[in-house]
Amino acid sequence: MKLQSKFPSLGTTIFSKISTMANQYNALNLGQGFPDFSPSPYLLEKAHAHTQAGANQYAPMSGAAPLRCAIQSLHRDFYQAEIDADQEITVTSGATEAIFCAISAVVHPGDEVIVFDPSYDSYIPNIELNGGVPVRINLNEDFEIPWGKVKESISAKTRCIIINSPHNPSGALLKTEELDLLWDMVKDTNIVIISDEVYQHLIFDNKTHVSPFNDERFRDRTFAISSFGKTFHVTGWKVGYCVAAPNLTQEFRKVHQYITYCTPANLQLAIADMLDNKRDEVRGLSAFYQQKRDLFQDLIKDSKFKLLPCSGSYFQLVDYSELDDCDDLEFCEKLIKEHGLAAIPISVFYDTPPAQKVIRFCFAKEDETLLQAKEKLAKL
């Protein structure tokens, strides 16, 4: 039987490749973005309790009511804004599913979607699977959006713009004044904004999270997507959610109901308990990860790596140009084989990578893990 691939150019992801190499060489893995520490004991206890209590059947398609209400309260607490728990919140099996559902809900064959590189690797396949055409724009050297190029790229075919803040892999943040620039470009169009905000509670140096959804001008044209995996250190649970106006939510759910239908009820209820009874853990998340960022930066400040600014997320970009002249993939392979440390090359997040020598480390690790990384980096 002959099978025509929908993605003939796609192979194994860089995360799988780097993790496989890290295991092969027994390297310390600061590449893939997941914590190596345990989540809250309270969260685990609640997951067990709800499992034992029988929450093992289908949850409602839109999400368990206690969790949707808890998200509503969380949004009110953090952004002083009201959202409707029934009509504007949908719980998904991870943020990646939510991104797929949002793209599928609005993108038709031939529609153009503006994406900013370096970009999360699921955006492009999701766009293409729905017959859309990615329009990729490189962020500038400071990983800020080049708004002049955005204006030039918008056409009658533009259906959607995907924004990611805090940004993976750079940690850059969207600024309030940038929403004014964006609004001037989309106000007289039917362009939808997909706002990937999975690191919204990991913001440093007293800066604030800026979301198009929280700006009334964008309210009826924005999907805002978040991840409890990032917030509660449980990436393997794959629990995320999407907030959108009722007209967008209706279309979003039409896709969601035939992708996963629902997310495990016991995990949803456990997270609802965390939001209701342990919200200080969310409030303290920025300080928690800022301490890890600062520790990691301090550990490598005397190395030949050049630290790039990091205002959010749990990733740190570094320039290695003083250490080697090879490309970033080759450098990451050397780092694993010769020094026992895994990182991610950021060229893989681009369609057309710029001339830079930059790799990504993840500092969502135990302090002891970061100290071990220092020992390995000191040998470079």
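The values are calculated or read from the model by the stated rules, or taken from the named source; none is laboratory data. Source: prediction; values computed, not measured. Here Cβ is always computed from backbone atoms with ideal geometry, including for glycine, and neighbour counts include all displayed protein chains.
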Task: Answer residue from segment 338-372, given it is in contact with a Lys or Arg (Cβ under 8 Å, 6 or more places away or on another chain) and of a type in the set (Gly, Ala, Ser) and is farthest from CYS310 (Cα to Cα) among those - done: GLY340
- [ ] Working only within segment 293-318, note down all residues that are in a helix (DSSP H, G or I), more than 18 Å from the chain's Cα centre (by Cα) and crowded, with 20+ Cβ neighbours inside 10 Å.
- [x] PHE296, ILE300
Open item on the list: Just to verify a result, which residue in segment 248-292, among those that are aliphatic (A, V, I, L, M) and farther than 19 Å from ALA64 by Cα, is surrounded by the most Cβ atoms within 10 Å (Cβ to Cβ)?
Closed with: LEU248
Task: Residue that is within 19 Å of MET21 (Cα to Cα), touching a residue at least 60 places away in the same chain (Cβ under 8 Å) and of a type in the set (Gly, Ala, Ser), where the choices are ALA364, ALA373 - done: ALA373
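Just the residues that are within 26 Å of HIS201 (Cα to Cα) and of a type in the set (Ser, Thr, Tyr), please, taken from segment 351-380.
Within segment 351-380, THR369 is the sole residue that qualifies.
Each row is one residue, and each column tells you yes or no for (1) touching a residue at least 40 places away in the same chain (Cβ under 8 Å); (2) part of a loop (DSSP other than H, G, I, E, B); (3) farther than 30 Å from ALA64 by Cα.
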position	(1), (2), (3)
VAL91	yes, no, no
ILE99	yes, no, no
VAL113	yes, no, yes
ASP121	yes, yes, no
LYS149	no, no, yes
HIS167	yes, yes, no
- [ ] Return the pairs, sorted by first residue and then second, in which the second residue is of a type outside the set (A, V, I, L, M, F, W, C) and part of a helix (DSSP H, G or I), the first residue lies in segment 205-234 and is outside the structural domain of LEU182 (by TED's automatic domain parsing) and closer than 18 Å to ALA102 by Cα, the beta carbons are less than 9 Å apart, and the residues are 6+ apart or on different chains.
- [x] none
Task: Criterion (over 19 Å from TYR258 (Cβ atoms) and crowded, with 22+ Cβ neighbours inside 10 Å) met by exactly one of ILE162, ILE124 - done: ILE162
Open item on the list: Taking the conditions exactly as written (of a type in the set (Gly, Ala, Ser), outside any loop (DSSP other than H, G, I, E, B), under 30 Å from ILE137 (Cα atoms) and out of contact with any Phe, Trp or Tyr (no Cβ under 7 Å at 6 or more places or on another chain)), does SER286 satisfy them or not?
Closed with: no
